[in-house]
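Q: My questions all concern the structure below.
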Amino acid sequence: MQRLLNRYIAREIAVPFGMILCVLTFVLLMGKILQIMDLMINKGIDFTHIARLMLYLVPSFLMFTIPISLLMAILIGLGRLSGDNEWTVMRISGLSLYQLSAPVAGFALAAFFMTLLTTLFLVPYGNLASKELLFDMARQKASIGIKEKVFIDDFQGILLYTENVPAHGDFLEGVLISDSRISREPSTIIARRAYLVSNPDTMVMTLRLEDGSTHTVDAALNHYRKMDFRFYDIRLDLSPTLTGNDKPGQKSSTEMSLSEMTWILNHGTLKGEALRELAIELHKKVTIPLSCLVFALIGTPLGIRAHRSVRARGFTIGLGLVLIYYLLRLSGEALVETGRLAPAIGTWTPNVMFAVAGLLLFIASAREWTPRQVLRRIGIVPKASGREEQSASGRDRGAS
């Protein structure tokens, strides 16, 4: 009987969880759709690369959508049981809130391990793989997009023109470059031949020029300088085109594994703001999965409160709790980044506050305490005599 009831409650949570998870993840992914469509339409990137890029971006969204979907699913699923008086029948039959919470706890544990797997492994792998894929697409874009007798301005501060591109495309001939990366001394470079050289390890693309000269004039047009060269390398900045990363070849904190973060923090290679940012990311790998358990703890007592409009109430309460939780989280992280709080305090405070509130609500619901009795238990309202407490309890239950 208990096993059948557990499956029934788990099914009531699983259906809205799956629907909300898909919708929320798709909505967050929509924020990248315009940029992705620009890659496919204007940059000529193949659809298979676009599909892989979207797949790599999904884990960074799942780490947030799994806990949020769990909270709303618990509120909706248990709210339906309470709204249809099924929870009342279960309670009359001798089922306690502790027994009801067993399948909820099991579902929360499954969501916890899913989120933990995502934050520890899938997010760093997805972020790093998407960065490598973007570099590969940028490299292809650079080699394919360079056409003869056409000015190319896809590289920051570089305007490129080539007279001839052989059919095999291994090099460029008759190259003319306007280099305005140094605004005070723009230069013009002429070369007989040029090669595109890419380094996948450092994610740097270089235009290697051969047999040419550079021509530089200062801002006041008073001095002219010419330099002949046999070989001359120009580093191409691909960030405006695709990657958006101004530090190629370096891993960001969101691309590091747990062991890499721990090694850097223990060996003290970072200082100041960079060190605090890394510490925040390290704590987030644990605190975000733990929010699944915290949301289950606070969502169970709130979900069993009877209400006619179950779905609207569940979404409203869920959105309110999510808003409060992430406002606390973002505020704590901002204080950590400015050095006003320790990383552990700033990142763990929302979980601790919600866990304490959820534990109080859970105990109060399990023991069927009224709001006034809860306030008396924690010492906010002074204790009354036995007769006053009974009459007050009767009024509170009648009002509820």
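The values are calculated or read from the model by the stated rules, or taken from the named source; none is laboratory data. Everything quoted here is computed from the prediction, not taken from an experiment. All Cβ positions, glycine included, derive from the backbone under ideal geometry; neighbour counts span all protein chains shown. Accessible surface is based on the protein model in full, side chains and every heavy atom, while ligands, DNA and RNA are left aside. Shrake-Rupley method; radii C 1.70, N 1.55, O 1.52, S 1.80 Å.
Q: Could you grab me the full set of residues in segment 32-47 that are within 13 Å of Asp136 (Cα to Cα) and either open to solvent by 80 Å² or more (accessible area, probe 1.4 Å) or modelled with pLDDT of 75 or more (or both)?
A: The one that is within 13 Å of Asp136 (Cα to Cα) and either open to solvent by 80 Å² or more (accessible area, probe 1.4 Å) or modelled with pLDDT of 75 or more (or both): Asp46.
Q: Restricting attention to segment 330-374, report how many residues are in a helix (DSSP H, G or I), without any contact (Cβ under 8 Å) to a residue 24 or more places away in the chain and basic (Lys, Arg). Reasoning before the result, please.
A: First pass over segment 330-374, keeping only residues in a helix (DSSP H, G or I): 330-337, 343-366, 371-374.
From the residues that got through so far, the ones that are without any contact (Cβ under 8 Å) to a residue 24 or more places away in the chain too are 330-332, 334-335, 345, 349, 352, 356, 360, 363, 373-374.
If we keep only those that are basic (Lys, Arg) as well, we get none.
Residues flagged as in a helix (DSSP H, G or I), without any contact (Cβ under 8 Å) to a residue 24 or more places away in the chain and basic (Lys, Arg) within segment 330-374 amount to 0.
Q: Give the number of residues within segment 182-203 that are touching an Asp or Glu at 6+ places or on another chain (Cβ under 9 Å), open to solvent by 60 Å² or more (accessible area, probe 1.4 Å), at pLDDT 80 or above and closer than 21 Å to Thr216 by Cβ.
A: 2
Q: Do you know which residues across segment 109-137 are hydroxyl-bearing (Ser, Thr, Tyr) and surrounded by fewer than 17 Cβ atoms within 10 Å (Cβ to Cβ)? Outline the logic, then answer.
A: Initially, segment 109-137 is screened for residues hydroxyl-bearing (Ser, Thr, Tyr), giving 115, 118-119, 125, 130.
If the condition is that a residue be hydroxyl-bearing (Ser, Thr, Tyr) and surrounded by fewer than 17 Cβ atoms within 10 Å (Cβ to Cβ), then Tyr125 is the only one that fits.
Q: So in segment 254-308, with the set limited to residues that are buried (at least 18 other Cβ atoms within 10 Å of the Cβ) and outside any helix (DSSP H, G or I), which one is farthest from the chain's Cα centre (by Cα)?
A: Step by step, filter segment 254-308, then rank; the result is Ile304.
Q: Are any of the residues in segment 67-77 in contact (Cβ under 8 Å) with a residue 40 or more places away in the chain, over 30 Å from Ala129 (Cα atoms), in contact with a Phe, Trp or Tyr (Cβ under 6 Å, 6 or more places away or on another chain) and not polar (S, T, N, Q)? If you could, list the steps in order and put the result at the bottom.
A: The initial filter retains those residues of segment 67-77 that are in contact (Cβ under 8 Å) with a residue 40 or more places away in the chain, namely 67-77.
Next, from what is left, pick out any that are over 30 Å from Ala129 (Cα atoms): 71-77.
Checking which are in contact with a Phe, Trp or Tyr (Cβ under 6 Å, 6 or more places away or on another chain) leaves us with 71, 73.
Keeping just the survivors that are not polar (S, T, N, Q) gives 71, 73.
Yes; the residues of segment 67-77 include at least one that is in contact (Cβ under 8 Å) with a residue 40 or more places away in the chain, over 30 Å from Ala129 (Cα atoms), in contact with a Phe, Trp or Tyr (Cβ under 6 Å, 6 or more places away or on another chain) and not polar (S, T, N, Q).
Q: Now, a different point. Test Gly386 against the stated conditions and say whether it is closer than 27 Å to Ile68 by Cα and at pLDDT below 95.
A: Spelling it out, it is not the case that Gly386 is closer than 27 Å to Ile68 by Cα and at pLDDT below 95.
Q: Any idea how many residues of segment 213-227 are within 47 Å of the chain's Cα centre (by Cα) and not hydroxyl-bearing (Ser, Thr, Tyr)?
A: 4
Q: Find the residue count for segment 51-95, including only residues that are modelled with pLDDT under 85, among the small types (Gly, Ala, Ser) and open to solvent by 40 Å² or more (accessible area, probe 1.4 Å).
A: Selection size over segment 51-95: 2.
Q: Hey, any hits in segment 137-160 for a residue that's within 20 Å of Ala296 (Cα to Cα) and assigned to a helix (DSSP H, G or I)? I'd like the intermediate steps shown before the answer.
A: Within segment 137-160, the subset within 20 Å of Ala296 (Cα to Cα) is none.
No, because not a single residue in segment 137-160 is within 20 Å of Ala296 (Cα to Cα) and assigned to a helix (DSSP H, G or I).
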